[in-house]
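A short reminder: the numbers here are calculations on the coordinates, not readings from a lab. Only a predicted model underlies this, so the values are computations on that prediction, with no experimental measurement involved. Positions of Cβ are backbone-derived with ideal geometry, glycine not excepted, and every protein chain shown enters the neighbour counts.
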There are 2 protein chains.
Amino acid sequence: MATIRDVAKEAEVSVATVSRVLNSNGYVNEDTRKKVLAAIQALNYTPNSVARSLYKKSSKTIGLIVPDIKNPFFPELARAVEDVLNKNNYTLILCNSDEKAGKEKEYIEVLKQKYVDGFIIVTSTLTASDVDGLNVPIISLDRIFESNVPIIASKNYEGARKATRYLIDIGCKKIAHIRGPLHISTADDRCFGYYDEMESNGMLEETLIANGSYDIKKTTEVTKELLLNNPDVDGIFAGNDVMAVGVLKAAEQTGRVVPDDLAVIGFDGIYLCEVTSPQLSTIAQPIYEMGYRAAETLINLIEGRFEKSQGSYSFDVQLIERQSTKRK
Amino acid sequence: MATIRDVAKEAEVSVATVSRVLNSNGYVNEDTRKKVLAAIQALNYTPNSVARSLYKKSSKTIGLIVPDIKNPFFPELARAVEDVLNKNNYTLILCNSDEKAGKEKEYIEVLKQKYVDGFIIVTSTLTASDVDGLNVPIISLDRIFESNVPIIASKNYEGARKATRYLIDIGCKKIAHIRGPLHISTADDRCFGYYDEMESNGMLEETLIANGSYDIKKTTEVTKELLLNNPDVDGIFAGNDVMAVGVLKAAEQTGRVVPDDLAVIGFDGIYLCEVTSPQLSTIAQPIYEMGYRAAETLINLIEGRFEKSQGSYSFDVQLIERQSTKRK
């Protein structure tokens with residue numbers, strides 16, 4: 001395989017000149033440039049990515065850290081990110097953190113060593129001090145991050161209010177919320193939204209919150225207990241769509257008919273909502289657009305077209321009515 | 001940041017000696033080794049991954065090419081692969097090919113340039129000539145590959161016979177197969193398995209095959225047409241679980257009750273089977289184990305512990321009976 005030295009020799013110029021031509025920086029006489037390009041073609045020379053990384057301290061690679069790619073929310077995000085990267089000649093390193101700070105920090109350390117050009121992280125455990133020393137751009141996707149890192153997310157609080165108000169509007173009298181894990185900002189925001197909407201409708205005494213998890217089986221168990229102890233519950237706002245599937249199963253197992261006895265609404269808008277029977281009503285986030293925007297913003301930051309302060313964006317969410325809720 | 005030169009200067013040895021210590025190769029006097037290690041510690045020197053990649057032509061990175069991470073079969077595979085890599089200090093580059101040969105070849109070219117140490121590919125379009133020139137190991141996952149590349153897959157043909165025989169056993173008289181896309185080896189094998197099992201049960205004249213796709217909506221349409229034109233169909237073997245969801249929807253939309261009027265069985269064993277109502281019977285592949293084994297095999301090949309010829313493995317599949325089929 002031809003090296004940059006071979007090209008320099010063939011073109012009778014210095015290695016530095018070849019490098020200037022390859023990187024389009026610094027002055028190169030037009031005739032010299034043509035000679036170099038001819039040598040490149042004659043020798044079928046391909047600049048070596050790794051050597052370029054070393055020189056530029058850039059690898060045209062970004063790291064995406066998600067809790068678990070098996071959670072159906074993340075493949076859609078990852079796909080959007082990879083589509084943007086691919087179009088811009090970047091590659092994607094995928095990391096599963098299981099929401100563990102230790103694993104996240106390890107990934108960041110390893111990828112820094114590999115000169116990744118930036119990070120997109122979905123994290124609830126990293127803090128400002130974990131990332132402020134990084135000299136590459138970083139985007140917090142889907143979650144709030146207490147640092148001056150740009151955040152690409154959607155309106156979780158407003159969406160939760162919308163879901164709760166919708167259940168009130170269709171006539172539910174006793175609305176419970178099965179919330180996602182504590183300390184995950186999206187789960188917290190959705191829980192606050194539920195609470196505030198209940199309060200502003202004079203239903204504070206009717207609030208009923210159970211702690212679920214992003215696991216269908218665990219949420220099924222939690223919801224069954226809630227339904228058995230509270231036979232008057234006629235509406236449930238689940239913390240996300242995966243949890244809403246657990247709620248549907250709990251309803252089935254406790255003899256409640258959805259939507260007649262119990263209205264159920266989820267959050268996220270993943271394709272799973274259309275797989276269940278009855279199909280799930282939900283507050284849909286524009287998941288693909290979120291991943292797309294995060295990747296575009298990151299590349300703009302990497303390539304110097306954006307300032308950090310310009311990066312954050314909060315997407316609107318949309319109520320989608322399906323069979324699991326029904327206006328009475 | 002300290003460089004290898006700084007370490008050499010501090011330890012009063014040559015750069016080559018430091019390199020020998022770092023890479024544990026070649027003879028280094030024990031006292032010298034200690035001096036180098038002390039210098040490394042004193043200067044807080046971290047060997048730069050990119051420089052090491054250039055030197056070793058290895059990046060401790062592997063490329064995983066899947067058709068689309070959004071297809072729920074692939075996140076579980078990807079997660080297993082990443083778990084093994086993470087444990088062995090490798091990172092994962094994720095690529096979505098959309099089953100397009102052009103995109104696959106491009107990824108391979110780009111990743112070769114980045115000195116990835118190996119590839120795991122799920123492909124139906126690449127051929128021997130596309131990969132035989134690669135000087136890094138490659139594993140074909142889930143699909144047959146006409147080259148001396150190791151193949152990690154499961155017994156698709158046998159599984160399809162098992163699914164078909166099961167439908168016959170529970171009393172189905174007219175069994176249709178909604179097959180996956182043509183030229184995808186798993187879809188072909190499952191179709192052949194269905195056909196051969198029908199034949200060996202003297203039901204060749206009853207075979208009925210429709211061309212579906214790995215898209216729920218398209219499969220719903222195809223199946224609706226099949227059910228309307230063939231009111232006597234009382235069992236359907238779907239090409240995979242995603243397609244089986246489409247079959248359930250088609251049944252619902254044409255007024256067929258599953259499993260009473262129509263028994264439905266899928267293939268793969270993804271978690272979706274437990275989300276639908278009725279829950280789906282299926283032929284389960286050990287998806288996580290397949291990804292795990294592919295990654296382990298690849299690392300063994302990369303690190304020289306395996307010969308290519310040792311790599312292939314075919315996993316057994318398992319019939320899982322759920323609500324969508326019922327013994328009559």
Between A:Leu37 and the same site in the other copies, what are the distances in nm, shortest first, taking label points 7 Å from Cα along the C-beta direction? 5.5
What per residue convex hull volume, in Å³, do the alpha-carbon atoms of segment B:156-285 yield? 89 Å³
Here the whole-number average of other chain Cβ atoms within 10 Å per Cβ of B:89-96 is 6
Shortest first, in nm, what separates the label point of B:Asn300 from those of the same position in the other copies (7 Å along Cα→Cβ)? 4.9
Limiting things to C-alpha atoms, what are the Rg and the maximum Cα-Cα separation (Dmax) for segment A:232-328, in angstroms? 17.9, 58
Once the dipole of the protein assembly as shown is set up from charges on Cβ (+1 Lys and Arg, -1 Asp and Glu), the residue from the list B:Phe74, A:Gly239, B:Gly266 lying farthest towards its positive end is B:Phe74
How large is the charge dipole for the protein assembly as shown, taken about the Cα centre, if only the Cβ atoms of Lys, Arg (+1) and Asp, Glu (-1) carry charge, to the nearest 20 debye? 1660 debye
Expressed as a rounded percentage, what relative contact order does segment B:4-47 have, with Cα pairs under 8 Å and six or more residues apart? 44 percent
Cα-based reach from A:Lys217 at 21 Å (exclusive), listing lysines while leaving out same-chain residues under 8 positions away: A:Lys70, A:Lys249
Nearest-5 percent of antiparallel DSSP beta bridges in chain A? 10 percent
So which lysines pass the test for B:Lys35, namely a Cα distance under 18 Å, with those fewer than 8 places away in the same chain ruled out? B:Lys9
In Å, what Kirkwood hydrodynamic radius results for segment A:84-136 from the alpha-carbon pair distances? 12.0 Å
Which entries of A:Lys218/B:Lys174; B:Lys60/B:Lys162; B:Lys174/B:Lys218 show an alpha-carbon separation above 32 angstrom in the structure shown? A:Lys218/B:Lys174; B:Lys60/B:Lys162
Need one number for the protein assembly as shown: average projected area of the convex hull over its C-alpha atoms, nm². 34.3 nm²
Rounded to whole Hz and in sequence order, give me ³J(HN,Hα) for segment B:253-262 from the Karplus expression 6.51 cos²θ - 1.76 cosθ + 1.60, θ = phi - 60°, writing x for Gly and Pro. 6, 10, x, 8, 8, 9, x, 4, 8, 8
Fraction of alpha-carbon pairs over 33 Å apart in chain A - percent: 41 percent
In nm², the average projected area of the convex hull spanned by the Cα atoms of segment A:119-166 is 3.6 nm²
With axes computed from alpha carbons, what is the tilt in degrees of helix A:216-229 against the longest principal axis of chain A, rounded to the nearest 10 within 0 to 90? 20 degrees
Averaged over residues of B:104-112, the number of beta carbons from other chains lying within 10 Å of each residue's Cβ is 2
How tilted is helix A:73-87 with respect to the longest principal axis of chain A? Cα atoms for both, answer in degrees (0 to 90, nearest 10). 20 degrees
GNM, chain A, Cα, under 10 Å: largest mean-square fluctuation among A:Ser14, A:Ser281, A:Ser140? A:Ser14
Using the 7 Å Cα-to-Cβ label point, sort the distances from B:Glu158 to its equivalents in the other copies shortest first and give them in nm to one decimal. 5.6
